[in-house]
């Protein structure tokens with residue numbers, strides 16, 4: 001089976017072969033897109049499994065088991081397949097001939113950093129919106145988890161062939177930024193020498209607004225204090241938001257998180273036109289917004305419920321539980337109204353595929369927002385919302401208390417400065433996004449197998465160490481990665497026959513499929529899991545070589561076996577570096 005360019009990898013090639021065999025058995029008009037080839041749940045069942053007979057039997061007018069036997073009989077003639085078994089009601093398990101795995105390694109050596117890169121996205125435009133923290137203070141660790149998840153997902157989608165735009169929605173309109181301005185104004189008065197005492201309840205405490213107050217004093221002197229609130233508030237608000245966003249950008253940069261677009265909520269109402277009003281009017285014209293009354297909430301607090309005629313979005317017609325108000329009793333728009341206009345802007349910018357990364361406390365908001373996207377796009381766009389669960393910050397198992405700087409929580413920057421961005425990023429991606437994460441500041445920097453980021457990075461460093469040591473036996477071995485990979489292209493890979501070596505080869509062959517599956521499911525944690533498993537197998541094989549000298553990666557007076565095993569190590573470090581890059585984590589050449 002020849003090495004092929006992305007995305008035609010080993011699993012994709014076998015899928016093509018299975019489909020080609022099945023097609024004449026089921027008829028020309030049968031949809032084969034439901035057929036998959038994947039690793040079996042139980043490794044003892046073989047190298048790959050296919051559901052072809054199970055999903056095609058009805059269309060073929062045959063029993064699944066009978067169709068499976070017919071497909072299996074045809075596959076047994078394939079020169080790369082060693083064994084085919086039919087299991088249960090009609091699953092087909094495949095065992096490949098050993099040489100196939102060596103040829104998969106050759107694909108890694110030939111494609112290098114592009115191995116695993118896919119065209120499945122077909123350059124489709126995708127908008128990934130993440131972080132979008134209110135610019136009212138420094139980011140906390142929970143914001144960091146959303147930032148890391150969104151950034152890694154964007155990396156993954158780009159690697160899988162999508163045209164990705166990374167976006168941050170700046171919530172610079174509404175009551176919370178006016179509270180920010182009033183809080184900053186007190187810090188301004190403090191900078192002028194006034195004793196402001198304890199920060200009043202309802203304003204933002206913490207020291208992070210002290211520099212804003214000092215900057216306002218430097219720019220305006222005492223003049224702002226002589227103006228009425230209606231005049232100073234927009235000035236202070238704009239300065240406070242700008243400085244808070246500068247802080248947020250700096251914090252994101254420390255975590256190596258970037259965005260292509262910072263979209264201002266205020267621009268929706270203060271730009272060339274009021275886009276919120278225009279959006280509501282267009283939805284009224286289409287019948288998706290109407291004037292009506294809402295029933296009292298079931299089991300809710302009736303004291304806050306107001307029975308009144310109001311502007312409502314007909315979200316129940318699109319799967320929501322209840323229609324949603326778009327205006328408050330004072331006539332101003334709700335946050336939901338602005339969010340509808342914002343997502344309409346995404347659609348008008350050409351995005352049919354939208355992904356929003358939200359905190360777990362916004363789970364109740366998903367249905368209405370998905371309904372709104374359907375409405376403003378005429379059903380042409382889809383919104384996938386990924387919820388990021390809470391982060392419990394610990395130190396040696398004990399909860400970490402809040403910091404003085406924020407006044408309420410430990411800031412993200414404090415955590416990054418203490419343990420480093422690699423530990424933060426990998427650990428936050430080594431859990432599924434919707435699972436609560438215990439982040440222990442002590443454990444994430446331990447140099448043990450139990451610390452996944454260390455273990456994976458150590459795998460890459462160990463591989464580089466093997467190459468440095470190999471230059472004793474092979475003096476001309478290049479240290480440059482691509483040149484070194486080229487030196488291994490003619491290696492006798494049939495020398496790789498130990499079960500541990502074959503297992504590693506199978507693992508390398510799985511990487512392109514893993515990338516596509518993770519991208520399709522919007523789950524970057526799958527990459528982190530895969531890297532840990534690959535590193536673990538690599539470390540285990542190295543340990544076997546300590547106990548059994550004939551299994552060492554460098555064999556004196558046996559250059560052919562040494563070159564084959566070094567080629568395997570090259571494949572391992574190539575994929576470790578690739579996967580770590582997707583997660584935004586460094587792949588060090590040595591550990592310090």
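The values are calculated or read from the model by the stated rules, or taken from the named source; none is laboratory data. Quick caveat, the model's predicted, so the values are computed rather than measured. Note that we place each Cβ from the backbone using ideal geometry, even for glycine, and neighbour counts take in every protein chain shown.
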Elements of type strands (runs of 3 or more DSSP E) in segment 329-409, at least 2 residues being more than 23 Å from residue 139 (Cα to Cα) and touching a residue at least 60 places away in the same chain (Cβ under 8 Å): 353-359
Please state which one of 496, 510, 505, 534 is at pLDDT 95 or above, more than 30 Å from residue 119 (Cα to Cα) and crowded, with 18+ Cβ neighbours inside 10 Å. 496
Take segment 466-485 and flag every residue that is surrounded by fewer than 15 Cβ atoms within 10 Å (Cβ to Cβ), in contact (Cβ under 8 Å) with a residue 24 or more places away in the chain and under 35 Å from the mean Cα position of the chain (by Cα). 482
In segment 419-440, what count of residues is obtained for those that are surrounded by fewer than 18 Cβ atoms within 10 Å (Cβ to Cβ) and either touching a strand residue (DSSP E or B) at 6+ places or on another chain (Cβ under 8 Å) or part of a helix (DSSP H, G or I) (or both)? 3
In segment 325-362, anything loosely packed, with under 13 Cβ neighbours inside 10 Å and closer than 29 Å to residue 155 by Cβ is listed as 348, 350, 361
